[in-house]
Every structure is written in C-alpha cells, then in structure tokens.
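A.B. asks: Dumping the structure here so I can ask a few things about it.
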Amino acid sequence: MAKKPYYITTAIAYTSGKPHIGNTYEAILADAIARFKRKEGYDVFFQTGTDEHGQKIQEKAEAAGVTPQSFVDTVAGEIKGIWDLVGTSYDKFMRTTDPYHVKQVSKIFKKFYDQGDIYKGYYEGMYCTPCESFWTESQLVDGKCPDCGRDVKPAKEEAYFFKMGKYADRLIEHINTHPEFIQPVSRKNEMMNNFLLKGLQDLCVSRTSFTWGVPVEFDNRHVVYVWLDALTNYITGIGFDADGNHGENYKKYWPADLHLIGKDILRFHTIYWPIFLMALGEPLPKQVFGHPWLLQGDGKMSKSKGNVIYADDLARLFGVDAVRYFVLHEMPFDNDGSITWELVCERFNTELANVLGNLVSRTIAMIDKYFGGTVVQSKSENEQDPDAEFKTTITKTVEKVRAKADELRIADAISEVFTLFRRANKYIDETMPWALAKDESKKSRLNDVLYNLAEAIQIGASLLDSFMPETSAKIFTAYGAESRTLEDCAKFGLRESVTVTAIPPLFARLDFKTLAPEIEKIRQAQAAAYAAEQAKPAEKAPVVENAQAEEEKTPITFDDFVKVQLCVGEIIACEKVPKKDKLLKETVKFGEEVRTVVSGIAEHYTPEEMVGKKVVFVANLAPRKIAGIVSEGMILCAEDENGKLSLVAPEKDVPSGTVLG
C-alpha cells in the first residue's frame, strides 16, 4: 500500500545575515514534525531554503564590496550549515536564485499580467527596507513600520500592482469554511478582522529602485517584488510549471499539508499567497501555522541590544540535542517563549542530566553489575506491584504523544515522553533494585525490574527520536536496540533479552559558573562585530556624528520635523572613551530619566567643561552602539567654517527634560 504524501515547508530564511536561534527554531520545529510524520508512516517531503532577492540584499552586498550573487551564496551557505548542524532532515534546500525558480517566477508574473490581475501604476507611501514593505501613513505605528518597528522613508516609484480585491471574497469564504486553514485560531481572527474584513488594497508586485531581483520579462526596468518571488518557492521547489507541465513531485505533494512560519509573516502567507494561488487556479495549502517567537529574556533578539544567541554557539556549549530539546520544549503553542543562557543550563541539568541521563546510566550500570550486562524477559505469570500499572503507563504514552504531535503541540508531546522517563525513575525508587540485589532469593525479581526499566527506556527513546535523534541513537546503541514503530511502542516485552553496553553519560551536569567566561567571550565578540559594522559608514565619510554635513540636504515636510524630539538635558558626568580620541561619554539627566550619550566632540570640549552644562539633545533617536557603548541620544552642536563645534544651549536656565517646541 502506497504511503500517504505529506508536504511540509518552513518560511525561507532571508539571506541578509546569520540566523539567530529564534530563526533556527522554526527549522528545528519543522524537522521534528517531519520526522514524526515519517514515523507515522507518511511519505514526507520537507522543504526549506533561502530568500535571496531584494533591496536590502543589494545594499548589503554593495556595502560589503561584492556582487549580490556572491553575497547570497555566502549567507545561504551559512544558513544551510546551521540547518545541517541542528539536524534538519530536509528533502530540498530551496534557493530563490535557482534558475528554475527564476524562470517560473517570470512566467507567473506574465501569466498574471495577461489575465488582467496585474496593472501598471505608481506607488507613493512609506517604505520599510528591512521588511521590503510599503505602508500608508495610517498604517504606521508611532511613525514606524507596523511589522518590525523600524524607521520608514517616503518612496514614490512606478510599479505593477496585483488586484487583491478581485479574490478577497473568495478567500474570506475559504477561511470561514476551512477553520483549520489558519492556526492557531487567534491568528485567524487577527487576519480576518485587521485585514480582510477592512478591505484589501492592491499589492505592489514590482520595483524599479533596485535591480537585484527577477526581471519582468516584458518591462526590463522592473524586477519582481520580493513577496511574489519568495512565496512561489513553495510550488516551484517541487516542480510547478506555469505552462501546466508540472513535475511529478508537484503532482504528488501539492497542496502542501503545512506551511510553518513565524507569526510576523502570517499576512503574507494567509492573504497574499492564497490569492496568488487562486489566480493561478491551484489548490490552497491545507494549513498555515504561525508559530510564536523565541525571545531573549523578555525582548526580541537584536544585534543593537547585544542579546543575540546563535544555534552554533549553543550547540558548542550544550550539544545539538540539548538545543533541540530546549527550543522544542520551551516554546508554548501560541505564546512567545523565552531563552537565556542561564535557562538553557538549568533545563540541561534538571531535565536532560537528572531525568533522562541519570535514568539511562544507572539502569545500564545495574544491569551490568548484577547480571553481567544481560537481563531476560520474565516467565512468571504472577505479576507484582507496581509492574502492571507501570507497563500500562509506558505503553499508553504513545497515544498521548501522537495526539499532541498531530495537533502540532510539540512541546506537549515531548513533555509526555519525559513523563514516561520520570515514571521510570519513580519505578526505581518503588522497587529499590539495590535492596533486591542483597537478597539472592530475590534475584529473579531484580531481573524483572531491570528488564522492565530497559523496555521502558527503549520505548521512550523510540518516541523521543523525532525530537532528539542523536540522543535516541545513543540509547539504542547502549541497549542493543532499534527505534520502534509507533505501533510497537504500544507493546511491552517485545524482546526476549536485553544486553547493554556502557556509554559515556548522555548529559553530564554543567556548572554555569564554568560556562560564564565563554559566554562573555561570545557576547564581546558580537559587540565588537556590531560596532565594526556600525562604523563602516563613518569610514566612508569621516565626519563626527554631530557635525553638520556640507552636502545639500533633501527638504523635509513639517510632519517629518515634528517627529524629532528635542530636549534640554543636564550633563551630570562626562569622561573620555578609552582609545577613541574624538569621543566623550556623557551621563545626561532628562528630568527623572538618566541616559548615556556618546558624542564626537572630545577635540572641542574637555570632560570637565561638559559637566554641569544644560544643552539640547535629540532625545528620540533609536539607541546605537558607538565604540561598544550604547548611546541613547545625540547632542546638538553648531559648526563654524573652520570646523569648530559649539554646543547648542537654551538662552535661559530651564529644567532638564524640557521639550523644545
């Protein structure tokens, strides 16, 4: 009987830089689901990959002095390396610079144009380069991009637009009649209420302000806009052909069973992507799951905050399976999770070392010590307490794990497996093998206890191997076993005998104090790399950040001006920045708030001259690192024709924190 196909995808990772553990979580989660589906007997096709076009990529390549293709080749290789490191068992690593994909995107765009779904016009609005998104003023949140919170800039350019409203009613009907389509349910309500029911604007699907993208074949001034390019990877990667000559994989696996994505790109996958598919006349994916974020402490990971954690650093300190366990187990179903170095170490010790590692080690040690390494299945018909209940608990676990995994509640599925391991530890306490070993007449009972433990561990390892494959493989080696099918995990006593082989501890306890110096080195290296990255523009134009540039400025509107918050701040402390001749570090009081500001004025003022002055600052600049110090504002200076700087100060004494207006 042919296996039922199952097609799962991740969002393709944007090749703007190295992915942090929050990005890597998605690949690990998709891998766990794919592995479990294979265990359930499905013919799984798991696709992941990289999104490689767009303005941000072109700008980064130019800054690095390389071609965009060279830039994305390097970053895509790094992403693929991390995905391989954490054990993702993908069937295809898709790249949007692949020739077949580029060809199909071009054909899809032309198809949409020919059938009247795309028209040429002009776009004028606010543009967020990191998100590659246009916004109207009303869509901004506090003047920032509503998706990422970064600055936007006015942009106007000729573009092609997709008529989203043409398919909106059909999409609303599909969502209402397919409640499983958007998961969790809270995400569905967000898409319906915030976007679809308010009416869809036509979508910009081409750009002329940069060249790194798929060219529009009938209008070579334009390149296909990133989302139309990126989203179609889910079908081009398995052989979709816009002319209808689809490959065998497309015929077999489409529609996708699951698009696994971050909640921040849900709109693109549950509104734009289904509408594109409707326009192509193709079936919609069966489910889109918008997973929550993995936060560093209580905030998003950011290079500027210096709080980024990467999978390779974690794996080096804790091991790959410990990383997989943490991100899979600590992420709630529909709420954001949290990761810190300290928390990973704590879970490593309490769960992996104590619950699992200790169970496996001491069971092997007892079988080896008391029976020379081999125990046999009991022939007795008189089962003793608590054996019957213990066996039932172990064999019922597979039902619980399967139910949770099928609902994509992977954290809960892993919890069920560790409940099995905890029950096995409790069984040791209940039966006290060390006490049985002291009485020769109880040797048969001791054999049965240790055999039962060996069976429980093998079943647990078989249920764990979708989530922690390396660990399960080590357990199978130690117990001379192979991974069991889910059906066999519901059966106890499948082996006549079990012979064990000693292995190193699966997870030796760690002292966080011994890890702290290495973690600090990682943080310092990241801070230095970020500072160097931020310093690159200054190398091209060596002007202190507070000096007025001589080049002609682009006129701004009054609305632009009122976004700048100017405040009087009192400098209560000041010192030179070590090894930086031009920089001063000021401690500035704004009313009740105290901030650190770094300014390039050390050639014009001494620290002693600065203390006590009340001067004008730009108070709402985003924090940035300068020489490794987070600067939270900018001091205003006037510059004369000889380059001499003078502080801008209020004419009369006013309280610190006073806003200029």
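A.B. asks: Take region 445-464 and flag every residue that is touching a Lys or Arg at 6+ places or on another chain (Cβ under 9 Å) and farther than 15 Å from ARG495 by Cα.
C.D. replies: The answer is ALA461, LEU463.
A.B. asks: Any residue at all in region 71-92 that is modelled with pLDDT of 95 or more and part of a strand (DSSP E or B)? Spell out how you get there, then give the answer.
C.D. replies: Start the filter on region 71-92 by keeping residues that are modelled with pLDDT of 95 or more, which leaves 71-92.
Still in the list and also part of a strand (DSSP E or B): 92.
Yes - at least one qualifying residue is present in region 71-92.
A.B. asks: Tally the residues that are modelled with pLDDT of 90 or more and over 23 Å from LYS198 (Cα atoms), restricting the search to region 126-152.
C.D. replies: Residues that pass the stated criteria total 2.
A.B. asks: I need a count of the residues in region 423-436 that are surrounded by 15 or more Cβ atoms within 10 Å (Cβ to Cβ) and among the hydrophobic types (A, V, I, L, M, F, W, C).
C.D. replies: So the count comes out to 3.
A.B. asks: Looking at GLU545, GLU550, GLU533 in this structure, which one is surrounded by fewer than 12 Cβ atoms within 10 Å (Cβ to Cβ), at pLDDT below 95, of a type outside the set (Lys, Arg) and more than 30 Å from LYS400 (Cβ to Cβ)?
C.D. replies: Testing whether each residue is surrounded by fewer than 12 Cβ atoms within 10 Å (Cβ to Cβ), at pLDDT below 95, of a type outside the set (Lys, Arg) and more than 30 Å from LYS400 (Cβ to Cβ) leaves just GLU550.
A.B. asks: Something else about it: Give the residue, chosen from VAL226, VAL214, that is at pLDDT below 95, within 17 Å of ASP98 (Cβ to Cβ) and not charged (D, E, K, R).
C.D. replies: Values: VAL214 fails: at pLDDT below 95.
Just one listed residue meets the conditions, VAL226.
A.B. asks: Now for a separate question. Filter region 246-276 down to the residues that are acidic (Asp, Glu), in contact (Cβ under 8 Å) with a residue 40 or more places away in the chain and in a helix (DSSP H, G or I) and list them by number.
C.D. replies: Result: ASP264, single match.
A.B. asks: Separate question: Can you tell me which residues in region 103-149 are assigned to a strand (DSSP E or B), more than 26 Å from THR15 (Cβ to Cβ) and out of contact with any Lys or Arg (no Cβ under 6 Å at 6 or more places or on another chain)? Talk me through it step by step, then tell me what you get.
C.D. replies: Taking region 103-149 first, the residues assigned to a strand (DSSP E or B) are 118-128, 133-135, 141, 144.
After this cut, where a residue has to be more than 26 Å from THR15 (Cβ to Cβ) as well, the list is 118-122, 124, 141.
Hits for region 103-149 are ILE118, TYR119, LYS120, GLY121, TYR122, VAL141.
A.B. asks: Going residue by residue through region 302-313, is there one that turns out to be in a helix (DSSP H, G or I), modelled with pLDDT of 95 or more and of a type in the set (D, E, K, R)?
C.D. replies: There is at least one residue in region 302-313 that is in a helix (DSSP H, G or I), modelled with pLDDT of 95 or more and of a type in the set (D, E, K, R).
A.B. asks: Looking at region 239-259 only, could you name the residues that are among the polar types (S, T, N, Q) and either surrounded by 18 or more Cβ atoms within 10 Å (Cβ to Cβ) or within 31 Å of the chain's Cα centre (by Cα) (or both)?
C.D. replies: ASN249
A.B. asks: While we're on this one: Run ASP387 past the list (1) under 16 Å from ALA490 (Cα atoms); (2) of a type in the set (Asp, Glu); (3) free of Cβ contacts under 8 Å to residues at least 12 places away in the same chain and report the number of the one that doesn't hold.
C.D. replies: For ASP387, the exception is condition (3).
A.B. asks: I would also like to ask the following. Which ones in region 498-535 are closer than 30 Å to ILE457 by Cα and hydroxyl-bearing (Ser, Thr, Tyr)?
C.D. replies: Across region 498-535, the qualifying residues are THR499, THR501.
A.B. asks: Just name the residue that is farthest from ILE28 (Cα to Cα) out of those in region 72-118 that are of a type in the set (S, T, N, Q) and under 18 Å from the mean Cα position of the chain (by Cα).
C.D. replies: So the residue we want is SER89.
A.B. asks: Looking only at region 439-473, how many residues end up being of a type outside the set (S, T, N, Q) and more than 18 Å from ALA32 (Cβ to Cβ)?
C.D. replies: Within region 439-473, residues that are of a type outside the set (S, T, N, Q) and more than 18 Å from ALA32 (Cβ to Cβ) number 16.
A.B. asks: Taking LEU408, is it farther than 26 Å from ASP368 by Cα and either surrounded by 17 or more Cβ atoms within 10 Å (Cβ to Cβ) or under 39 Å from the mean Cα position of the chain (by Cα) (or both)?
C.D. replies: Yes, satisfied.
A.B. asks: Sticking with this one: Just name the residue that is nearest to GLU608 (Cα to Cα) out of those in region 562-587 that are in contact with a Ser or Thr (Cβ under 8 Å, 6 or more places away or on another chain) and aliphatic (A, V, I, L, M).
C.D. replies: Of region 562-587, the ones in contact with a Ser or Thr (Cβ under 8 Å, 6 or more places away or on another chain) are 567-574, 583-587.
With the extra rule that they be aliphatic (A, V, I, L, M), the set shrinks to 568, 571-573, 583-584.
Values: VAL568: 19, ILE571: 11, ILE572: 10, ALA573: 9, LEU583: 14, LEU584: 11 Å.
Here the residue is ALA573.
A.B. asks: Please specify each residue of region 509-528 satisfying the condition of being within 30 Å of ILE626 (Cβ to Cβ), of a type in the set (A, V, I, L, M) and surrounded by 13 or more Cβ atoms within 10 Å (Cβ to Cβ). Even if it seems obvious, please write down each step before you answer.
C.D. replies: Here is the first cut: in region 509-528, the residues within 30 Å of ILE626 (Cβ to Cβ) are 515-528.
Applying the additional criterion that residues be of a type in the set (A, V, I, L, M) yields 515-516, 519, 522, 525, 527-528.
Correct list: LEU515, ALA516, ILE519, ILE522, ALA527.
For (1) modelled with pLDDT under 95; (2) in a strand (DSSP E or B), each residue gets a yes or a no:
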site: THR24; (1), (2): no, no
site: ALA27; (1), (2): no, no
site: PHE46; (1), (2): no, yes
site: ALA63; (1), (2): yes, no
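A.B. asks: Sort through THR88, THR10, THR97, THR50 and tell me the only one that's in contact with an Asp or Glu (Cβ under 6 Å, 6 or more places away or on another chain), without any contact (Cβ under 8 Å) to a residue 60 or more places away in the chain and of a type outside the set (A, V, I, L, M, F, W, C).
C.D. replies: THR97
A.B. asks: Spot the failing condition for ASN193; the list is (1) within 18 Å of TYR272 (Cβ to Cβ); (2) without any contact (Cβ under 8 Å) to a residue 12 or more places away in the chain; (3) in a loop (DSSP other than H, G, I, E, B), and only one is missed.
C.D. replies: All conditions are met except number (3).
A.B. asks: What are the residues in region 355-389 that are aliphatic (A, V, I, L, M) and either part of a helix (DSSP H, G or I) or touching a Pro at 6+ places or on another chain (Cβ under 6 Å) (or both), if any?
C.D. replies: VAL355, LEU356, LEU359, VAL360, ILE364, ALA365, MET366, ILE367, ALA388
A.B. asks: A further question follows. Specify which of the listed residues (ILE394, ILE414) is over 30 Å from GLN287 (Cα atoms), aliphatic (A, V, I, L, M) and either at pLDDT below 95 or crowded, with 22+ Cβ neighbours inside 10 Å (or both). Explain how you work it out, then say what you get.
C.D. replies: On the way: ILE414 fails: over 30 Å from GLN287 (Cα atoms).
Within the list ILE394, ILE414, the selection yields ILE394.
A.B. asks: Mind checking whether some residue in region 225-245 is assigned to a loop (DSSP other than H, G, I, E, B) and among the β-branched types (Val, Ile, Thr)?
C.D. replies: There is at least one residue in region 225-245 that is assigned to a loop (DSSP other than H, G, I, E, B) and among the β-branched types (Val, Ile, Thr).
The values are calculated or read from the model by the stated rules, or taken from the named source; none is laboratory data. Quick caveat, the model's predicted, so the values are computed rather than measured. Methodologically, a virtual Cβ is constructed for each residue, glycine included, from the backbone with ideal geometry; neighbour enumeration extends over all protein chains shown.
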